[in-house]
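The values are calculated or read from the model by the stated rules, or taken from the named source; none is laboratory data. Since this is a predicted model, take the numbers as computed values, not measurements. Please note: Cβ atoms are built from the backbone with ideal geometry, for glycine as well, and neighbour counts cover all protein chains shown. What goes into the accessible areas is simple: the full protein's heavy atoms, side chains included, and nothing from ligands, DNA or RNA. Shrake-Rupley method; radii C 1.70, N 1.55, O 1.52, S 1.80 Å.
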Amino acid sequence: MTQDTSGTTTPMGFGRMHRKEDARFIRGRGTYVDDVRLPGMLHGAILRSPHAHARILSVDASAAEAYPGVRAVITGATLETLNLAWMPTLSADVQAVLATDKVRFQGQEVAFVVAEDPYTARDAVELIDVGYEPLEPVVDARRALDADAPVIRDDLEGRTGNHIFDWEAGDRAQTDAIFERAEVTVAQDMLYPRVHPAPLETCGAVADFDKVTGKLTVWCPTQAPHAHRTLYALVAGLPEHKIRVISPDIGGGFGGKVGIYPGYVCAIVGSIVTGRPVKWMEDRSENLMSTAFARDYHMRGEIAATRDGRILALRVKVVADHGAFNGTAQPTKFPAGFFGVFTGSYDIEAAHCEVTGVYTNKAPGGVAYACSFRITEAVYLVERMIDVLACELDADPAELRMRNLIRPERFPYTSPTGWEYDSGDYPRALRLALDMAGYDKLRAEQAERRRGDGPQLGIGISFFTEAVGAGPRRHMDILGLGMADGAELRVHPTGKAVLRVSCQSQGQGHETTFAQIVAAELGIPPDDVEVVHGDTDQTPFGLGTYGSRSTPVSGAATAIVARKVRERARLVAAAMLEASPQDLEWSVSETGGRWSVQGSAGHGRSIQEIAMAAHSNLELPEGVEGHLDAVTVYNPPNLTYPFGAYVCVVEVDPRTGQVKVRRFVAVDDCGVRINPMIVEGQIHGGLADGVGMALMQLMAFDEDGNHLGASFMDYLLPTALECPSWELGETVTPSPHHPIGAKGVGESATVGSPAAVVNAVLDALRPYGVRHADMPLTPANVWSALRGSPLRTDLAIT
Amino acid sequence: MQITVTVNGQPYTRDVEPRLLLVHFLRDHLALTGTHWGCDTSNCGACVVHLDATPVKSCTVLAVMCDGHEVTTVEGLERDGELDAVQKGFAECHGLQCGFCTPGMMLTARWLLDNDPDPDEGRIRETISGQLCRCTGYENIVRAVRWAAGHEAGRAAAGEGAREGTRT
């Protein structure tokens with residue numbers, strides 16, 4: 001049902017084209033971090049805590065140190081002598097690299113063994129004897145603030161509880177006043193449960209410290225190589241110019257590869273201590289237990305409305321479970337990320353939200369898994385609340401949404417919490433999605449099925465608006481590093497080009513897309529543009545790829561640096577043509593880019609001819625340096641606001657609780673599409689994520705804080721059988737402030753789809769009196785919901 | 001213990017620990033890093049290779065079990081400089097993004113087409129359902145396999161046509 005995504009030609013600019021990076025991947029010749037092999041390389045393995053909360057009484061590593069093939073054992077005590085036992089998190093907290101005083105979550109790093117081969121390292125890990133005194137864990141986030149709750153972070157001076165922060169947005173008084181006089185109010189508690197992005201490649205690093213030159217080279221799959229370099233300089237005290245971070249091919253990131261993990265620091269210390277390169281690769285259980293989780297928002301939403309369905313106000317309270325260390329990777333001023341856009345796509349008079357962050361005995365993290373800095377939680381909240389209101393009013397959820405969507409003429413639209421949405425035509429997208437789905441026919445089929453007791457049809461709608469492409473840097477920084485990105489473009493004498501960018505692909509196809517941007521701006525075929533990324537020694541500074549930033553920020557930087565080169569080329573062309581630069585006009589045709597004398601198309605020079613001349617002995621006017629190159633830093637004036645309308649159709653068997661996704665219609669508007677094939681691929685992946693989170697991905701903890709989703713046997717990810725054939729549609733509303741009118745799209749579908757799936761399941765269950773149940777809607781959960789008591793999906797089923 | 005395994009047509013004799021997994025044998029001993037490792041539990045299928053023409057998850061096969069057997073990895077798909085139809089299909093249909101699951105997916109797809117030259121969407125989805133892809137939502141992987149099937153059918157038809165032409 002989807003459009004043909006196969007590209008067959010190479011466009012001179014935007015359009016479908018095959019990916020340049022595929023040539024190596026289909027031959028098995030990518031270079032992922034675990035493929036990096038250096039002469040004399042040693043291997044590291046981590047000993048992890050079996051307890052969620054325990055005091056460390058003793059660590060005896062002598063047997064491990066004596067084991068043949070072991071070259072070093074590093075413990076928290078070792079790191080303390082180097083002042084490296086703790087490292088800063090991306091949220092101005094600290095995190096233990098290797099535990100010294102206590103362990104605070106199951107799977108926390110306790111010791112690091114370096115050995116000649118990975119099997120030996122793991123053998124030796126088993127020989128380390130750690131004495132623990134188990135402590136009561138805090139597992140239930142709702143109880144973390146109780147007066148008698150154990151204090152997790154007693155390492156922090158003066159800490160007497162588990163409270164991290166309070167954050168609010170909107171106008172409380174105005175919102176409360178509307179609620180006081182509203183005709184209808186509804187409230188709903190809901191959990192966006194803890195999930196893990198689980199990229200197929202786990203995390204790892206190869207560290208190589210050269211004692212002679214003092215240079216440290218770290219290969220690791222980081223989405224933000226430059227931020228890593230700066231942080232390593234701050235953590236390890238090494239001079240920043242002596243650190244090179246190389247992010248090779250990454251086997252999926254989804255936000256889980258933004259931060260620095262203890263294993264990376266251990267590999268670095270291991271290399272410094274042994275004088276040899278050290279590789280550390282985590283296994284899948286380590287990945288699921290210790291690296292950045294996502295979500296874990298316990299939310300209460302309330303809507304005030306008129307009886308005829310006009311939404312007046314929205315009020316939200318959140319308890320945010322941040323785990324044992326506050327390690328969310330998000331802009332400093334936004335401790336709850338961009339949750340503040342929780343009014344979503346609706347024109348609501350007033351809104352207020354409060355978010356309270358708490359520590360629990362779980363892994364740190366919080367912003368990961370394609371969430372656009374918590375917008376997925378915000379979208380889920382408002383989209384569930386709309387359906388709860390529809391239920392209360394006995395209204396059609398599609399009509400209720402249409403009634404309250406922000407109208408096209410209201411753009412640029414300032415939300416009640418202060419976000420300026422750049423552009424949109426929401427009713428058009430929703431109408432298209434409903435038409436594609438055949439909404440009325442589906443409702444008729446649903447009515448028909450409701451007369452029987454067989455599988456019930458559920459139709460779920462979600463309309464999302466995202467805010468992606470952070471900065472501007474005056475508002476948005478991470479640890480003081482402003483969220484802007486650099487680009488450098490050099491056109492060689494023969495007209496081939498190299499573009500260097502600060503973002504880093506994890507599969508998004510930057511080598512193709514960014515080459516296409518250069519092609520569109522300079523008229524150089526995409527195949528003639530090499531895109532270099534992921535190496536701090538070879539690329540300009542920038543904050544990297546997450547929060548759907550690459551196209552909004554680095555894509556803009558690419559367009560602008562190409563325009564700078566084009567202007568340089570104009571001056572050279574003017575000298576070549578003996579004309580005034582103002583008299584030249586630029587054109588890009590299928591054959592390429594060209595500066596020509598206005599009104600005399602034949603009298604011009606191609607970009608390739610200009611490039612050669614720019615490097616030749618051609619006499620250039622005073623002030624024109626020659627060569628064709630430029631650098632730029634793009635500081636976005638605003639975020640971009642992609643949006644979309646999703647319709648999910650499910651069949652739910654009330655006898656078993658089994659849910660089958662029959663259809664999924666996704667209409668996305670991400671502004672101008674550079675390579676539609678790649679955009680559609682991004683959407684496909686996000687839709688599968690939504691199905692997984694909504695129906696399968698259970699990451700619960702038992703009362704002792706044991707992680708119950710620590711392997712792919714337990715943490716179920718969607719396969720080809722759970723996913724339908726996605727039906728995509730599009731509208732195009734360009735961003736008015738982005739140089740090429742593009743908006744980010746990498747996370748749109750992950751943000752928008754979970755609510756559609758959940759709304760669909762609950763729509764199917766509506767005749768049974770079920771108003772809400774939390775994700776994941778596993779058969780057991782649906783079955784329990786049908787019997788009046790949906791499961792608490794954050795805690796073990798007891 | 002000493003084993004001899006034929007990988008992509010070439011025999012390799014190595015001394016290995018009995019506990020060594022096939023995936024590590026391929027990656028660490030033979031430097032064939034196209035085979036990836038993604039879980040420990042046979043769930044993800046990033047490590048799928050052919051063992052005597054049958055797809056196996058090489059994280060759950062001991063290298064010593066392959067003594068005297070033939071293994072085909074992603075590096076063995078391309079023959080005489082020509083990409084396999086499956087490889088072409090994945091690039092043609094954007095059947096990969098990060099590329100990590102791709103070798104395993106392609107080897108399973110190759111096995112499927114060897115056994116069913118014209119699989120429908122349901123058969124393809126069922127066949128790859130023991131493997132995970134976190135990027136593509138499977139849509140374009142299914143299309144890539146269909147493309148490869150069509151491509152091979154087209155070539156076969158062209159080949160048959162030529163032979164028939166010769167006969168007449």
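Things worth noting here:
- Selection of region A:223-237 for residues being assigned to a loop (DSSP other than H, G, I, E, B) and open to solvent by less than 30 Å² (accessible area, probe 1.4 Å) yields A:Q223, A:A224.
- Whenever a residue of region B:71-82 is touching a residue at least 24 places away in the same chain (Cβ under 8 Å) and away from chain A (no Cβ under 11 Å), it has no partner that is among the hydrophobic types (A, V, I, L, M, F, W, C) and open to solvent by 40 Å² or more (accessible area, probe 1.4 Å) lying with C-beta atoms less than 7 angstrom away and at least six residues away or across chains.
- First in region A:197-214 and closer than 11 Å to A:S271 by Cα, second anywhere and aromatic (F, W, Y) and open to solvent by 10 Å² or more (accessible area, probe 1.4 Å), Cβ under 6 Å, 6 or more apart: A:V206/A:W219
- Enumeration of residues in region B:111-137 that are out of contact with any Gly (no Cβ under 9 Å at 6 or more places or on another chain), within 11 Å of another protein chain (Cβ to nearest Cβ) and open to solvent by less than 10 Å² (accessible area, probe 1.4 Å): B:I124
- Cβ separations smaller than 6 Å between residues 6+ apart or across chains give the following pairs from region B:25-44 residues that are at the interface with chain A (Cβ under 8 Å from one of its Cβ atoms) to residues that are of a type in the set (D, E): B:L32/B:E75; B:T33/A:D35; B:G34/B:E75; B:D40/A:D283.
- Cβ-Cβ distances below 7 Å connect the following pairs, each with a first residue in region A:340-354 that is hydroxyl-bearing (S, T, Y), a second residue that is open to solvent by 10 Å² or more (accessible area, probe 1.4 Å) and at pLDDT 95 or above, and a separation of six or more residues or different chains: A:T343/A:P416; A:T343/A:T417.
- Extreme residue, farthest from A:V650 (Cα to Cα), among residues of region A:431-453 that are modelled with pLDDT of 95 or more and not in a helix (DSSP H, G or I): A:R451
- Taking the criterion of being closer than 19 Å to A:V218 by Cα and within 14 Å of chain B (Cβ to nearest Cβ), the residues of region A:252-279 that qualify are A:G252, A:G253, A:G256, A:K257, A:K279.
- Flag if B:K57 is under 25 Å from A:V679 (Cβ atoms) and open to solvent by 20 Å² or more (accessible area, probe 1.4 Å): no
- Condition met for B:E160 (over 20 Å from A:V691 (Cα atoms), modelled with pLDDT of 95 or more and open to solvent by 10 Å² or more (accessible area, probe 1.4 Å)): no
- The residues in region A:540-571 that are surrounded by fewer than 24 Cβ atoms within 10 Å (Cβ to Cβ) and among the hydroxyl-bearing types (S, T, Y) can be counted, and the count is 0.
Conditions tested, residue by residue: (1) in a strand (DSSP E or B); (2) at pLDDT 95 or above; (3) not charged (D, E, K, R); (4) not assigned by TED's automatic domain parsing to the domain that holds A:K215.
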site: A:G270; (1), (2), (3), (4): no, yes, yes, no
site: A:E286; (1), (2), (3), (4): no, yes, no, no
site: A:G340; (1), (2), (3), (4): no, yes, yes, yes
site: A:V355; (1), (2), (3), (4): yes, yes, yes, yes
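- Under the condition of being over 25 Å from A:A515 (Cβ atoms), open to solvent by 70 Å² or more (accessible area, probe 1.4 Å) and assigned to a helix (DSSP H, G or I), the residues counted in region A:577-625 number 2.
- Number of the condition not met by A:T306 [criteria: (1) buried (at least 19 other Cβ atoms within 10 Å of the Cβ); (2) not assigned by TED's automatic domain parsing to the domain that holds A:F112]: (1)
- Residue count, region A:486-520 (criterion: in contact with a Phe, Trp or Tyr (Cβ under 9 Å, 6 or more places away or on another chain) and assigned to a strand (DSSP E or B)): 4
- Pair list, Cβ under 7 Å, 6 or more apart: region A:693-719 residue farther than 12 Å from A:L288 by Cα and within 14 Å of chain B (Cβ to nearest Cβ), other residue among the small types (G, A, S) and surrounded by fewer than 22 Cβ atoms within 10 Å (Cβ to Cβ): A:T719/B:S129
- The condition (being assigned to a loop (DSSP other than H, G, I, E, B), at pLDDT 95 or above and in contact with an Asp or Glu (Cβ under 6 Å, 6 or more places away or on another chain)) is satisfied by just one residue among B:G38, B:G45, B:G34: B:G34.
- Among the residues making up region A:14-35, those that are open to solvent by less than 10 Å² (accessible area, probe 1.4 Å) and either modelled with pLDDT under 95 or out of contact with any helix residue (DSSP H, G or I) (no Cβ under 6 Å at 6 or more places or on another chain) (or both) are A:M17, A:Y32, A:V33.
- Which numbered condition B:V64 fails, given (1) assigned to a strand (DSSP E or B); (2) touching a Pro at 6+ places or on another chain (Cβ under 8 Å); (3) hydrophobic (A, V, I, L, M, F, W, C): (1)
- The criterion of at least 2 residues that are small (G, A, S) and more than 14 Å from chain B (Cβ to nearest Cβ) is met by the following strands (runs of 3 or more DSSP E) wholly inside region A:142-222: A:163-170, A:204-210.
- Residue count for region A:402-430, restricted to those that are open to solvent by 10 Å² or more (accessible area, probe 1.4 Å), out of contact with any Pro (no Cβ under 9 Å at 6 or more places or on another chain) and not in a strand (DSSP E or B): 7.
- Taking the criterion of being surrounded by fewer than 18 Cβ atoms within 10 Å (Cβ to Cβ), closer than 25 Å to A:S58 by Cβ and among the aliphatic types (A, V, I, L, M), the residues of region A:132-182 that qualify are A:V151, A:L156.
- Tally, over region B:1-54, of residues that are open to solvent by less than 60 Å² (accessible area, probe 1.4 Å) and of a type in the set (K, R): 1
- Residue match in region A:41-48 (condition: of a type outside the set (A, V, I, L, M), over 30 Å from A:Q330 (Cα atoms) and within 32 Å of the chain's Cα centre (by Cα)): yes
- The set of residues in region A:288-318 being under 21 Å from A:P397 (Cα atoms) and assigned to a loop (DSSP other than H, G, I, E, B) consists of A:T306, A:R307, A:D308, A:G309, A:R310.
- Residue list for region B:83-110, restricted to those being farther than 17 Å from B:E121 by Cα, more than 7 Å from chain A (Cβ to nearest Cβ) and touching a His at 6+ places or on another chain (Cβ under 8 Å): B:A85, B:K88, B:G104, B:L107
- Residue match in region A:360-369 (condition: among the charged types (D, E, K, R) and either surrounded by 22 or more Cβ atoms within 10 Å (Cβ to Cβ) or assigned to a loop (DSSP other than H, G, I, E, B) (or both)): yes
- Verdict on A:L479 being out of contact with any Asp or Glu (no Cβ under 9 Å at 6 or more places or on another chain) and open to solvent by 10 Å² or more (accessible area, probe 1.4 Å): yes
- Pairs, first closer than 18 Å to A:A433 by Cβ in region A:722-750, second surrounded by fewer than 24 Cβ atoms within 10 Å (Cβ to Cβ) and of a type in the set (F, W, Y), C-beta under 8 Å, six or more apart: none
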